[in-house]
Amino acid sequence: MSLASGPSTGAAGMNEAKREAALAAFAGVLDASGIVGGSSADAARYLGDWTGDYAGAALAVLRPAAVEQVQAVVRLCAKHGIAIVPQGGNTGLVAGTISDGTRPAVILSLERLNRIRRIDAANFTLQADAGVVLQTLKDAAEAENMLFPLALGAQGSCQIGGNVATNAGGINVLRYGMTRDLVLGLEAVLPDGSLWQGMTGLRKDNRGYDLRQLLIGSEGTLGIVTGVEVKLFPRPANIETAYLGARSFADAMALFGLARRVCSDLLTAFEVIGAECIPLAVLSNPGTRVPLAEAWPVHIVLELACSAAIDGRALLETLLAEAFEAGLLGDGAIAQSRAQAQAFWAIREDLVEGQAKRGMHIRTDLSVRLSDVPRLIDEARAYVTAEWPDWEPIAYGHAGDGNIHFNVMPPLGLAPERIRQDGKRLLQGLYGIARDLGGSFSAEHGVGRSRRDVFLDGLSPNQRAAVLALKAAFDPKGIMNPGCLVPG
Ligand SMILES: Cc1cc2nc3c(=O)[nH]c(=O)nc-3n(C[C@H](O)[C@H](O)[C@H](O)COP(=O)(O)OP(=O)(O)OC[C@H]3O[C@@H](n4cnc5c(N)ncnc54)[C@H](O)[C@@H]3O)c2cc1C
């Protein structure tokens, strides 16, 4: 899907002399590897996104290597009226990093701002540049026998700054919360180029408005995150993982309730996978082996984690015995090693890769109250079956957070333009089902450009006024990621 309608230089509305002047000014504040020309082959990977559904255009890709360089670039953009599209690992799924080519714009990649700054073991915190890849940050914490619990399929590529900008969720939210709950300090360059320093590392700080929380989840529309201080946790000594089969999503959610009661806060993950997703995992990894003796309509990956003083295995066995007794489970396997646990998790991760491999499809990221999860899936399936009989619905997700990815695969071979057109209508139906249940169309992936209209349409007049007033107060020139979240 192309969002770009301007010239391929990404300099729409800019004459050649102005364009050259702007590029020369950027060259004056960045080193040679800090600038990639917008029309060069090297720029291609920054202009599209992970889904491959979008292609954009930019005057240049800027890669500052120091916070002062970010500030200098922002000041120049403000002076020349050039839009800035911040980019982390470019794994976002809502076109937040795509410059749509309708006005002069640069992509500002944080990838060279990639230092772990400091681990404060006594404060249980870690400070990092925004461009540190999430997996690198997790490894640095682990090297100190600590845990940074944010965990998602894209962790080998996404950056901590991008996680902050999207308020990322992932598989451990039910125990540790969203990124919002994990950040104790931020540093950000504001749209006038000034540096806001909020790396306090404080757990309690009630001094008025919380700028940190405003920036978290703002998707690059209010400022550029350059530094992050995150909470660390003791690294659990015991991790127990089970792969389970259930008759229905209703049984799976009843099992979740039981697991919460039996394991309390030791439960770290509760993921559901509709059996229809398994062929997608196989498509991505033909060696996929489901550890269930029979076919079950709903698969569950459940994990709990605790210190060495607690017998996690006994707790898990107690839970499973109660669940079998209550008729909530048909079959299940407990991982006997970390390698086996990883193989269980791989099924959940591979299905996401498999969908992308199958081709363009319709993605959602819905959330409802936990008690409404089975109803959401039943109603969405009934809707697709009745109105889009040739399309294949699949459901999986972070059910312990009420977050379901209800995705729909078009008939193989359907032209991309038809998928886009029909997909738009199909999505409206799915969003309507979530809305009628009091849910959200965006549990964790954000709004970006692809969901901006549904976001704005769903706001009450006073919410809308507040959102636009905030944007105008932070970014009066409208240079920060225009068109993302709010109109550009
Ligand atoms: C396979 C796969 C699995 C995923 N699983 C999950 C999941 O379980 N949970 C989840 O929440 N998400 C998930 N995602 C989505 C994505 O990984 C997250 O949204 C992630 O937080 C994006 O980080 P990023 O560094 O790639 O950001 P990008 O994609 O580069 O950017 C995302 C947004 O943040 C802005 N931005 C990026 N960096 C900065 C910065 N330093 N300052 C200001 N703005 C910035 C961008 O302008 C854009 O609007 C998944 C994606 C993939 C591909």
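May I ask you to evaluate 6.51 cos²θ - 1.76 cosθ + 1.60, the Karplus curve with θ = phi - 60°, for each residue of segment 412-418 and list the ³J(HN,Hα) values in order in whole Hz, giving x for glycine and proline?
Along segment 412-418, the couplings run 4, x, 5, 5, x, 5, 5 Hz.
Quick one: 3J(HN,Hα) in Hz for segment 399-409, Karplus 6.51/-1.76/1.60 with θ = phi - 60°, rounded, Gly and Pro as x.
4, x, 10, x, 10, 10, 8, 9, 10, 9, 8
From the C-alpha gyration tensor of segment 339-400, pull out the three semi-axes of the equivalent ellipsoid (sqrt of 5λ each), sorted largest to smallest, in whole Å.
They are 23, 18, 9 Å, listed from largest to smallest.
Can you give the Kirkwood hydrodynamic radius for the chain, in Å, rounded to one decimal and based on Cα pairs?
After inverting the pairwise mean of 1/r, the radius is 23.6 Å.
If I fit a long axis through the Cα atoms of helix 338-358 and take the longest principal axis of the Cα atoms of the chain, what angle between them do I get, 0 to 90°, rounded to 10?
Once rounded, the angle reads 60 degrees.
Calculate the dipole size of the chain relative to its Cα centre from +1 charges on Lys and Arg beta carbons and -1 charges on Asp and Glu beta carbons; express the result in debye to the nearest 20.
The calculated dipole for the chain is roughly 1200 debye.
As a test, work out the antiparallel percent of DSSP beta bridges whose residues both lie in the chain, rounded to the nearest 5.
In the chain, DSSP labels about 85 percent of beta bridges as antiparallel.
Given all pairs of different Cα atoms, what value in angstroms does the Kirkwood hydrodynamic radius of segment 206-298 take?
17.8 Å is the Kirkwood radius here.
Hey, what's the Kirkwood Rh for segment 350-474 if you take every pair of different alpha carbons, in angstrom?
This gives a value of 15.5 Å.
Rule-of-thumb check for segment 1-151: C-alpha Rg over 2.2 N^0.38 Å?
In units of the globular-protein estimate, segment 1-151 measures up at 1.16.
Among the lysines, select those whose C-alpha is under 22 Å from the C-alpha of residue 477, and discard any that sit fewer than 8 residues away in the same chain.
Within reach: 18, 79.
Just to be sure I understand the model, the point goes 7 Å from the Cα along the line to the Cβ. What's the resulting residue 203 to residue 41 distance in nm?
5.4 nm
Once segment 80-190 is represented by equal point scatterers at the alpha-carbon sites, with solvent omitted, what log10 I(q)/I(0) does the Debye formula produce at q = 0.12, 0.17, 0.22 Å⁻¹?
After summing over all Cα pairs, the log10 values are -0.44, -0.82, -1.27.
Given 25 °C and 0.890 mPa s, compute D for segment 159-257 with the Stokes-Einstein relation, Rh being the Kirkwood radius over Cα pairs; round to the nearest whole µm²/s.
Stokes-Einstein gives a translational diffusion coefficient of 155 µm²/s.
For segment 71-85, take each phi angle, set θ = phi - 60°, evaluate the Karplus expression 6.51 cos²θ - 1.76 cosθ + 1.60, and give the result in whole Hz per residue in order, putting x for glycine and proline.
Karplus values, whole Hz, x for Gly and Pro: 4, 5, 5, 5, 4, 5, 4, 4, 5, 8, x, 9, 6, 10, 10.
List the extent of the Cα atoms of segment 63-134 along each of their three principal axes, largest first, rounded to whole Å.
Principal extents (Cα only, largest first): 49, 29, 17 Å.
Please work out the FRET efficiency for the pair residue 369 and residue 239, using the Cβ-Cβ distance as r and a Förster radius of 35 Å; give the result to the nearest 0.05.
Approximately 0.75, to the nearest 0.05.
Divide by every residue of the chain the summed helix terms, -39500 (n - 2.57) for each DSSP H run of at least 4, and state the resulting mean residue ellipticity at 222 nm, rounded to the nearest 500 deg cm²/dmol.
Using -39500 (n - 2.57) per qualifying helix, the result is -11000 deg cm²/dmol.
With the convex hull built on the Cα atoms of segment 281-349, state its orientation-averaged projected area in nm².
Mean projected area for segment 281-349: 5.4 nm², to one decimal.
Over the Cα atoms of segment 298-391, what Rg and Dmax result, in angstrom?
17.6, 54
Values quoted throughout were computed directly from the atomic coordinates according to the rules given, and no laboratory measurement underlies them. Keep in mind that this is a model prediction, so the values were computed, not measured. All Cβ positions, glycine included, derive from the backbone under ideal geometry; neighbour counts span all protein chains shown.
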